[in-house]
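Working notes for the structure below.
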Amino acid sequence: MRPTIKAHADFIPNRFREQVALVVGGAQGIGKAIAVRLAREGAQVIIADIDRKMLLKTAQEIRQDKGEVRTIACNVRREPQVKRMVSSVIRRYERIDVLMQIAGVAKPAPFLKTSTEHYDWILDTNVKGSFLVARAVLPHMIKQRRGKMVFMASTNSWDAEAELAPYNISKAGVFLLAKTLAREFGRYGINSNALGPGFIRTRLSGWVLEHPGFAAKYKDLIPLGRIGEPEDVAGPATFLASRDADYVNGVLLFVDGGQLA
Ligand SMILES: NC(=O)c1ccc[n+]([C@@H]2O[C@H](COP(=O)([O-])OP(=O)(O)OC[C@H]3O[C@@H](n4cnc5c(N)ncnc54)[C@H](O)[C@@H]3O)[C@@H](O)[C@H]2O)c1
């Protein structure tokens, strides 16, 4: 029985068999949907997250779904914790085939009321976190001479939204990080790409999706006429991590129902 994991598009059995996938920020929302999908497709999944309670809950759901999963508590803003997370994966599995760097935060504020602490929190989590995780994982992928890195950018990497300056800046930074790594590590058989979701129904986007003004206008905003679900992102994410994407490197794949069309 699969009680709490939502049904989604067809999965591809064994696509990630014998592969080790680290999903950072996998305790809930989009990261969870990606972890579930990878586990269903045969990967040994490690979910890392700052939220211990949700980590355990998600791991339990994946196990009930017959997936292989382990958890690691990690705050991506803290370098020693990121190093420990990667060392513990390598100690146990000796490799990392897929990195999903999904952890991120967002909070709106009018620009003139955006405190330095707010700015640092968003940039440290989204950009420095991605930098620290990538820097810790890459030496192992270089040794393996292969690896797939997927970073969580956004439509905001491309189009700015008002009252989200630190978030917009951070997501542009994450996209450029993914592109930089594509250029620098392609020669080792490592692919680095970014995902650009639009409006996806999660805890993070609740404040905007629940706004009455948004409900009135989203059908015009999104050509497909609906808000995305975390499972809508899991397919494109696993595509970028799969052998089908062996020649895809340095792209930002929008998953936005056509919002930026
Ligand atoms: N929901 C959307 O509409 C949307 C759109 C575009 C991009 N994104 C991006 O997708 C990613 C996932 O967001 P979501 O919507 O699923 O939100 P979410 O809040 O449901 O999930 C984010 C996860 O990141 C974890 N996290 C936060 N700070 C962390 C830290 N310091 N260390 C480790 N883990 C941490 C959280 O605990 C949580 O499990 C984010 O990077 C977000 O910016 C979301």
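The values are calculated or read from the model by the stated rules, or taken from the named source; none is laboratory data. Just so we're clear, the structure is a prediction, and the values are computed from it rather than from any experiment. Using ideal geometry, Cβ is built from the backbone for each residue, glycine included, and neighbour counts are taken over all protein chains shown. What goes into the accessible areas is simple: the full protein's heavy atoms, side chains included, and nothing from ligands, DNA or RNA. Shrake-Rupley method; radii C 1.70, N 1.55, O 1.52, S 1.80 Å.
For this structure, a couple of remarks:
- Qualifying residue in the stretch 230-242 (condition: within 27 Å of F11 (Cβ to Cβ) and open to solvent by 60 Å² or more (accessible area, probe 1.4 Å)): yes
- Subset of the stretch 89-119 that is in contact with a His (Cβ under 8 Å, 6 or more places away or on another chain) and farther than 17 Å from A160 by Cβ - its residue that is farthest from the ligand (Cβ to nearest atom): R95
- Strands (runs of 3 or more DSSP E) within the stretch 33-104 that include 2 or more residues surrounded by fewer than 24 Cβ atoms within 10 Å (Cβ to Cβ): 68-73
- Selection count where residues are more than 10 Å from the ligand (Cβ to nearest atom) and of a type in the set (D, E, K, R), scope the stretch 18-34: 1
- Residues located in the stretch 159-169, provided they are within 11 Å of the ligand (Cβ to nearest atom) and either within 18 Å of A234 (Cβ to Cβ) or not in a helix (DSSP H, G or I) (or both): E161, L164
- Some residue of the stretch 157-167 being in contact (Cβ under 8 Å) with a residue 60 or more places away in the chain, open to solvent by 60 Å² or more (accessible area, probe 1.4 Å), of a type in the set (D, E) and farther than 19 Å from I30 by Cα: yes
- Failed condition for V150, given (1) away from the ligand (no atom under 14 Å from the Cβ); (2) open to solvent by less than 20 Å² (accessible area, probe 1.4 Å): (1)
Yes/no matrix, rows are residues, columns are (1) buried (at least 17 other Cβ atoms within 10 Å of the Cβ); (2) touching a Ser or Thr at 6+ places or on another chain (Cβ under 7 Å); (3) in contact (Cβ under 8 Å) with a residue 24 or more places away in the chain:
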site	(1), (2), (3)
L177	yes, yes, yes
G186	no, no, yes
S192	yes, no, yes
I200	yes, no, yes
G206	no, no, no
K219	no, no, no
L224	no, no, yes
Q259	yes, yes, yes
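Conditions (1) within 23 Å of G196 (Cα to Cα); (2) of a type outside the set (S, T, N, Q); (3) modelled with pLDDT under 95, marked per residue:
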| position | (1), (2), (3) |
| --- | --- |
| Q64 | no, no, no |
| I72 | no, yes, no |
| V76 | yes, yes, no |
| S87 | no, no, no |
| A103 | yes, yes, no |
